[in-house]
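Colleague: Just dropping this structure here.
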Amino acid sequence: MNNLRKRIITGLVFIVLILGCIFADHKIFLFLFLFITILGLWEFYTLSESGTIFPNKIAGTIAGVFIFVSNALITLNIASFKLLLFSFLPVFVILLLELYRKKPKPFANISYTLTGLIYIAVPFSLLSYFPDPNLSGEGYNIQFLLGFFLIVWINETSAYLVGSVFGKKKLFKRVSPNKTWEGMIGGAVLALLATIAISVIFRDITMVNWFVIALIIIVFGTYGDLFESLIKRSNNTKDSGKILPGHGGILDRFDGVLISAPFVFIYLLFIT
């Protein structure tokens, strides 16, 4: 099976899984992304390991789970915002644990461990707020989740296909030699066209706001792709992992989501 066929099959299975969980229930969606958060953190920490750098994989993953679960409980109206204060505690525990690990470059270890939390656990945690960004108590509304993921997928897929066929001018050659301006522009145009349909179906916000969200995803999703390429390039690897045939790892599949989600969430806070 060639790589393109693997990529298509894996992508379709993953899309169906995420859409199925979104349509099913808020809790089911949260369980899925808790699992994805754990996989993503472990993947990042494994990728970051080298001869002298050893992130605290176990403590970092546990801290990431705590961050995700605390936010999930708040969005499910099971806990209050006070629970978020406890999310600071695992950070300080990570600092203290480094005293006992006897590893070289302890501050590099701490930096990589905390970076994993900021880069992976926090954005995935913010997705739990998308059904009701301001916690108004109006219930589980899937419009923002669906719209967000649809625009991300259309942008990324279109950019990949257009870039593969027409790509010539490199977008950021030093970091990602395969990304092209033609691919980015093609992905942006098709994502914006798809946003018209999305705004007609999902009417909780205006078409203008959907277009702003699409532009945020296009810009910061592209930066997310480039940043993940920078991580892989600095660690001399082609893919972040091998869990997803044809795509690589969790970070390869969610690079655009990780950077764009916080910016979309902040925008949703101001318009809902």
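Colleague: Residue by residue through region 43-69, note down the ones that are surrounded by 21 or more Cβ atoms within 10 Å (Cβ to Cβ), under 24 Å from Leu17 (Cα atoms) and more than 14 Å from the chain's Cα centre (by Cα).
Modeller: Correct list: Thr61, Ile67.
Colleague: Here is a follow-up. Considering only region 113-126, I want to know if a residue exists there that is surrounded by fewer than 17 Cβ atoms within 10 Å (Cβ to Cβ) and over 19 Å from the mean Cα position of the chain (by Cα).
Modeller: No, region 113-126 contains no residue that is surrounded by fewer than 17 Cβ atoms within 10 Å (Cβ to Cβ) and over 19 Å from the mean Cα position of the chain (by Cα).
Colleague: Could you identify the single residue in Phe130, Phe227 that is assigned by TED's automatic domain parsing to the domain that holds Ser111, surrounded by 14 or more Cβ atoms within 10 Å (Cβ to Cβ) and not β-branched (Val, Ile, Thr)?
Modeller: Selected residue: Phe130, the only one of Phe130, Phe227 that is assigned by TED's automatic domain parsing to the domain that holds Ser111, surrounded by 14 or more Cβ atoms within 10 Å (Cβ to Cβ) and not β-branched (Val, Ile, Thr).
Condition check ((1) of a type in the set (A, V, I, L, M); (2) touching a residue at least 24 places away in the same chain (Cβ under 8 Å); (3) touching a His at 6+ places or on another chain (Cβ under 7 Å)) across all residues:
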site: Thr10; (1), (2), (3): no, yes, yes
site: Val16; (1), (2), (3): yes, no, no
site: Ile38; (1), (2), (3): yes, yes, no
site: Phe44; (1), (2), (3): no, yes, no
site: Ser48; (1), (2), (3): no, yes, no
site: Thr52; (1), (2), (3): no, yes, no
site: Val69; (1), (2), (3): yes, yes, no
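Colleague: Output the residues belonging to region 229-272 that are part of a helix (DSSP H, G or I) and over 22 Å from Thr180 (Cα atoms).
Modeller: Scanning region 229-272 gives Ile250, Ala261, Pro262, Phe263, Val264, Phe265, Ile266, Tyr267, Leu268, Leu269, Phe270, Ile271.
Colleague: Need pairs with beta-carbon distance below 9 Å; first residue more than 30 Å from Ser136 (Cα to Cα) and within region 80-108, second surrounded by fewer than 13 Cβ atoms within 10 Å (Cβ to Cβ); sequence gap 6+ or separate chains.
Modeller: Glu98/Phe107; Lys103/Thr52; Pro104/Gly51; Pro104/Thr52; Lys105/Thr52; Pro106/Leu99; Ala108/Thr52
Colleague: Would you confirm whether any residue within region 171-188 is closer than 26 Å to Val122 by Cα and surrounded by fewer than 14 Cβ atoms within 10 Å (Cβ to Cβ)?
Modeller: Taking every residue of region 171-188 in turn, none turns out to be closer than 26 Å to Val122 by Cα and surrounded by fewer than 14 Cβ atoms within 10 Å (Cβ to Cβ).
Colleague: Out of the residues in region 95-112 that are in a helix (DSSP H, G or I) and of a type outside the set (A, V, I, L, M), state the one that is surrounded by the most Cβ atoms within 10 Å (Cβ to Cβ).
Modeller: Filtering first and then ranking leaves Asn109.
Residue by residue, here is whether (1) modelled with pLDDT of 95 or more; (2) touching a helix residue (DSSP H, G or I) at 6+ places or on another chain (Cβ under 6 Å) holds:
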| residue | (1), (2) |
| --- | --- |
| Thr115 | yes, no |
| Ile118 | yes, no |
| Pro123 | yes, yes |
| Tyr140 | no, yes |
| Leu145 | yes, yes |
| Val152 | yes, yes |
| Asn155 | yes, yes |
| Leu171 | no, yes |
| Ser176 | no, yes |
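Colleague: Mind listing whichever residues of region 160-203 are assigned to a loop (DSSP other than H, G, I, E, B) and either farther than 25 Å from Gly147 by Cα or of a type in the set (A, V, I, L, M) (or both)?
Modeller: Passing the criteria: Gly167, Lys168, Lys169, Lys173, Arg174, Val175.
Colleague: Going through region 56-113 one residue at a time, which ones are of a type in the set (Phe, Trp, Tyr), under 16 Å from Ser125 (Cα atoms) and touching a helix residue (DSSP H, G or I) at 6+ places or on another chain (Cβ under 7 Å)?
Modeller: Phe66, Phe68, Phe81, Phe86
Colleague: Report yes if Leu244 is touching a residue at least 24 places away in the same chain (Cβ under 8 Å), touching a Lys or Arg at 6+ places or on another chain (Cβ under 6 Å) and either under 24 Å from Leu146 (Cα atoms) or buried (at least 19 other Cβ atoms within 10 Å of the Cβ) (or both), otherwise no.
Modeller: When the stated conditions are applied, Leu244 passes them.
The values are calculated or read from the model by the stated rules, or taken from the named source; none is laboratory data. Predicted model, so just to flag it, every value in this text is computed and none were measured. Every residue, glycine as well, gets a Cβ built from its backbone with ideal geometry; the counts of neighbours run over all protein chains shown.
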